[in-house]
Amino acid sequence: MMGGPHESGAPSATADRAERVAVILRQLDGLPTLGSVATRLLAIGSPEDADIDEVVRLIESDPALTGRVLGMCRRSDLGISRNVTTVRRAVVMLGLEAVRSAALAVSVYEVMDGTRERWAAQDGDETDGRTRTRFDHTNFWRRSIAVACGASALAELSADDTLSPDDAFSAGVLHGIGALALELILPKSYGRALTLAETRMCNADEVEREVLGVDRFLAGKRLAEHWGLPGTLRDAIWLHAQPPESPGEPENPALVLAVGGGVALARASHLGWSGDAGMPPDLSIIAERLGVSEQSAMAVLDRLHETVADRCAAIGLDDTPSSELILGSLSRANRALGKLNAAMTVRAAKAEQRERVLLAVGAFHAAAAGAADPVAVVGMAAHTLMDLVGERREQGASVARKPLLGAVVQLDSSAPCRYYRFDDSGVALGRIDVDAPGPLAEIAQSTARGADAISSLSWMIESLADAPDIRRVRVWPIVDARMSGGVAPAVLLVHDLELAELDNASELALTSAWASAIHGEALRARSEHQAESLAEQARALHSAQTRLAEADSLTRLGEMTAGAAHEMNNPLTVISGRSQLLAQRLSEASDRSTALAIRSAAEDLSELISSLHLVASPPRSQTEALDLADVAQRASEQAIARANASGVRAGPVCPTTRLAGVFADADRELLTRALVELVLNAIEAAPGRPVEIDAEPATADGRLQLRVLDRGPGLSERALKHASDPFFSEKQAGRGTGLGLSRARALIGAFGGELRLRNAREGGAVAELTLRASRETARGRAA
């Protein structure tokens with residue numbers, strides 16, 4: 001036998017649920033068994049097979065049971081003579097099943113109460129109110145007898161031949177033994193479960209599973225198996241609370257239904273107590289399944305108090321008259337009604353609060369749909385807090401003052417941790433970086449809603465110096481617990497508002513709405529940034545591929561031109577020299593002109609080969625600090641001379657004053673030659689019109705731009721795309737080789753510069769050279 005109702009053997013709150021259930025079930029197996037007389041009576045088969053002499057001997061061997069059986073003969077509902085004085089006469093008059101029911105009821109009562117008294121005496125805790133106040137044993141037994149009487153009455157009304165009224169009475173008496181067993185082995189924990197069920201206004205089994213891991217039905221089934229009760233009784237104890245339409249295959253479904261109907265009748269009459277405060281079984285459905293009219297079932301309810309009083313007195317469990325039972329039921333009904341009214345008032349207040357929270361969540365989602373970034377969504381969450389306390393402020397519950405409204409935000413574990421201050425509408429007023437003692441997500445997960453800032457945000461108290469009263473500042477953590485790995489945003493809302501108490505559902509609704517919206521906006525912003533980065537990388541890849549293709553083409557061109565220069569220069573030199581000698585020997589002017597034309601064509605061809613070689617294989621550069629004003633002036637003079645020599649009327653070339661004192665690191669000869677090509681191209685685009693050479697100051701990355709602007713018609717889309725390609729030209733055939741811009745680009749690229757062509761908004765074309773700015777200044781150069 002177990003030593004007493006200690007809960008030290010019960011598992012801790014952190015133990016695994018399966019182990020907790022196993023421990024409780026092992027304790028149930030340790031409860032005492034039923035008495036030998038009750039066990040042997042249960043072992044007797046059907047009344048037809050029973051030996052009445054054996055039954056009489058068993059009952060007479062137990063004086064207490066003998067008194068109970070003789071007392072049952074005086075029940076008012078049997079009409080039996082009160083002069084029955086022998087056990088044999090009582091068994092004949094009552095029947096074996098009635099005697100067996102009495103034996104079960106008396107044995108269970110004696111075993112459970114006797115064990116409780118022995119454990120209490122052993123532990124000295126008979127008066128320990130903490131373990132006994134929530135379980136009313138007297139009224140629990142009254143409820144059990146009421147269920148038994150109701151089940152027996154329904155069985156008598158039912159036409160189901162598998163249903164015995166005496167079996168229904170036995171099952172009804174035993175239907176709650178699981179609750180008795182749990183209260184016996186775990187009195188403190190079970191008392192807490194009953195308190196919680198009363199607070200929640202629900203049936204006790206719902207909380208029993210939550211608190212203990214085992215409910216009264218499973219405990220009753222296990223105890224019935226331990227006592228060796230018949231399978232029909234075990235199923236009735238275990239399954240009677242299930243809805244009639246629930247799946248399952250009990251040995252006697254009608255008996256299970258009858259016990260469920262007895263529970264419905266007992267709860268409707270408020271007879272006794274069981275710890276249940278939720279919805280009772282539906283009597284109308286049960287009666288229909290048993291073939292009993294609802295009117296007949298309600299008639300059982302009318303006489304239930306008198307029946308219970310008689311049965312309790314006959315068995316010897318209680319001698320309270322029916323009139324007092326009725327008064328007790330009325331009293332319990334009034335208390336239940338009062339609790340129900342109070343609960344409804346509380347639930348109405350909670351419903352109103354939840355409605356306000358849901359409206360605030362809806363408004364928040366509507367506003368967050370148009371947010372520009374995650375911080376804006378955080379500001380809207382802060383504004384939601386203002387909405388929730390707005391009514392209180394209007395009623396004067398808060399002092400007229402400017403509230404503190406802010407948030408500590410970290411978009412992911414690699415992002416900086418920043419504190420934002422918001423106005424009443426949730427617009428960010430400014431931000432400062434703060435040093436958090438760790439990832440903000442971990443801090444948020446360990447911070448309770450409503451925690452004061454002094455203890456939870458001690459690392460950023462200086463940032464809250466503008467709070468009217470730092471003692472009033474509270475924290476509301478917002479973090480998506482479903483995300484891990486530091487990718488989800490974490491937020492700590494900071495405020496000094498007077499928030500009303502929120503229930504867990506309202507708090508969870510707000511926090512979940514905020515967290516999901518902030519996380520979603522962060523993902524959207526991150527995705528947009530990644531899309532932009534991918535687009536930029538795609539453009540860079542395309543540009544690199546283009547440059548690679550050009551380089552490959554130029555490499556092949558360089559190989560070709562190198563071979564052409566080697567193979568053709570000697571013949572061209574011979575042609576040029578011999579044509580010059582021929583011109584000197586000829587006397588006719590027309591013949592000399594022809595010889596000189598041959599020499600000029602040979603020189604042009606040699607120059608073309610040299611230009612192609614230059615484009616394909618730019619020369620090595622030697623960079624130095626160059627005064628761009630000086631380089632621009634020299635290039636302008638050479639370009640004008642070349643234009644005039646080729647018959648193109650050159651307009652003025654004007655280096656601007658912004659070139660003064662601007663130095664770039666470049667190769668002097670190559671930059672000059674490139675500028676000559678660009679200025680000459682600008683002169684040819686608009687003969688006789690001015691050409692401007694300008695510069696932009698160096699940027700933060702140390703780059704500057706040198707620009708050549710013409711006043712021509714500008715470049716076509718095709719020219720903008722192919723102007724630097726070798727031999728490309730939109731001039732008439734024979735008016736140019738199309739190598740000028742190609743040479744310029746190759747010369748500039750030789751020392752790390754870049755050339756880009758575009759059209760100016762005011763008209764004309766612009767050639768932009770991007771160069772590395774030099775640290776040398778005009779003053780330093782003069783020194």
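Couple of notes before you dig in:
- Hey, Glu501 assigned to a helix (DSSP H, G or I), of a type in the set (Asp, Glu) and open to solvent by 30 Å² or more (accessible area, probe 1.4 Å) or not: no
- In the stretch 353-386, the qualifying residues are those that are assigned to a loop (DSSP other than H, G, I, E, B) and in contact with a helix residue (DSSP H, G or I) (Cβ under 7 Å, 6 or more places away or on another chain), and the one that is surrounded by the most Cβ atoms within 10 Å (Cβ to Cβ) is Ala371.
- The C-beta contact set for the stretch 585-597 (first residue under 15 Å from Ile575 (Cα atoms), second residue open to solvent by less than 60 Å² (accessible area, probe 1.4 Å) and assigned to a helix (DSSP H, G or I), distance under 6 angstrom, 6+ apart or interchain) comprises Arg592/Ala583; Ala595/Ser579; Ala595/Ala583; Leu596/Ala583.
- Filter result for the condition that a residue is at pLDDT below 90, out of contact with any Asp or Glu (no Cβ under 7 Å at 6 or more places or on another chain), closer than 30 Å to Arg356 by Cα and aliphatic (A, V, I, L, M), over Ile461, Ile470: Ile470
- For Val207, the criteria (1) modelled with pLDDT of 85 or more; (2) farther than 28 Å from Leu104 by Cβ; (3) open to solvent by 10 Å² or more (accessible area, probe 1.4 Å) hold in every case but one, which is (3).
- Going through (1) modelled with pLDDT under 70; (2) within 20 Å of Asp167 (Cβ to Cβ); (3) among the β-branched types (Val, Ile, Thr) one by one, Thr115 falls short only on (2).
- Residue within the stretch 172-183 that is within 22 Å of Leu34 (Cβ to Cβ) and open to solvent by 10 Å² or more (accessible area, probe 1.4 Å) present: yes
- Pairs where the first residue, in the stretch 228-241, is within 11 Å of Ala258 (Cα to Cα) and the second is in a helix (DSSP H, G or I) and polar (S, T, N, Q), C-beta under 9 Å, 6+ apart: Ala236/Ser170
- When Arg592, Arg585, Arg620, Arg634 are checked against the criterion of being modelled with pLDDT under 75 and out of contact with any Phe, Trp or Tyr (no Cβ under 8 Å at 6 or more places or on another chain), a single residue qualifies: Arg620.
- Filtered residues of the stretch 260-288 (kept if of a type in the set (Gly, Ala, Ser) and either under 26 Å from Thr162 (Cβ atoms) or without any contact (Cβ under 8 Å) to a residue 24 or more places away in the chain (or both)): Gly260, Gly261, Gly262, Ala264, Ala266, Ala268, Ser284, Ala287
- Residues in the stretch 416-429 that are under 17 Å from Ile461 (Cα atoms) and either modelled with pLDDT under 90 or assigned to a loop (DSSP other than H, G, I, E, B) (or both): Cys417 only.
- Members of the stretch 641-655 found to be assigned to a loop (DSSP other than H, G, I, E, B), touching a residue at least 12 places away in the same chain (Cβ under 8 Å) and of a type outside the set (D, E, K, R), listed by number: Val648, Ala650, Gly651, Pro652
- Top-ranked residue of the stretch 210-242 - restricted to ones that are acidic (Asp, Glu) and more than 21 Å from Ala105 (Cα to Cα), ranked as most open to solvent (accessible area, probe 1.4 Å): Glu210
- Failed criterion for Pro652 (all others in (1) modelled with pLDDT of 80 or more; (2) open to solvent by less than 60 Å² (accessible area, probe 1.4 Å); (3) closer than 22 Å to Gly763 by Cα hold): (2)
- Condition broken by Gly260, with the remaining ones in (1) under 44 Å from the mean Cα position of the chain (by Cα); (2) closer than 16 Å to Phe169 by Cβ; (3) open to solvent by 60 Å² or more (accessible area, probe 1.4 Å) satisfied: (3)
- Count - residues of the stretch 289-309 that are touching a residue at least 60 places away in the same chain (Cβ under 8 Å), in a helix (DSSP H, G or I) and crowded, with 19+ Cβ neighbours inside 10 Å: 6
- The stretch 310-335, subset of a type in the set (A, V, I, L, M, F, W, C) and within 23 Å of Pro63 (Cα to Cα), residue modelled with the highest pLDDT: Cys312
- Residue check, Glu294 of a type in the set (D, E, K, R) and within 30 Å of Thr199 (Cα to Cα): no
- Lone unmet requirement of (1) under 21 Å from Ala515 (Cα atoms); (2) assigned to a loop (DSSP other than H, G, I, E, B) for Ala467: (1)
- Residue match in the stretch 448-462 (condition: assigned to a loop (DSSP other than H, G, I, E, B), touching a helix residue (DSSP H, G or I) at 6+ places or on another chain (Cβ under 9 Å) and touching a residue at least 40 places away in the same chain (Cβ under 8 Å)): yes
- Arg658 meets all of the listed conditions (1) part of a helix (DSSP H, G or I); (2) open to solvent by 30 Å² or more (accessible area, probe 1.4 Å); (3) over 22 Å from Arg775 (Cβ atoms) but one, namely (3).
- Test result for Thr672, out of contact with any Gly (no Cβ under 9 Å at 6 or more places or on another chain), under 17 Å from Leu755 (Cβ atoms) and modelled with pLDDT of 80 or more: yes
- Contact map, the stretch 667-682: first residue under 16 Å from Gly749 (Cβ atoms) and of a type in the set (Gly, Ala, Ser), second residue surrounded by 24 or more Cβ atoms within 10 Å (Cβ to Cβ) and at pLDDT below 85, Cβ cut-off under 7 Å, separation 6 or more or different chains; pairs are Ala674/Ala744; Ala674/Leu747; Ala674/Ile748.
- Yes/no for Ser322 being surrounded by fewer than 23 Cβ atoms within 10 Å (Cβ to Cβ), touching a residue at least 12 places away in the same chain (Cβ under 8 Å) and among the polar types (S, T, N, Q): yes
The values are calculated or read from the model by the stated rules, or taken from the named source; none is laboratory data. As the structure is a computational prediction, the values presented were derived from the model and not from experiment. Glycine gets a Cβ as well: all are built from the backbone with ideal geometry, and neighbour counts include every protein chain shown. When the accessible area is computed, the model is the full protein with side chains, heavy atoms only, and any ligands, DNA or RNA have been set aside. Shrake-Rupley method; radii C 1.70, N 1.55, O 1.52, S 1.80 Å.
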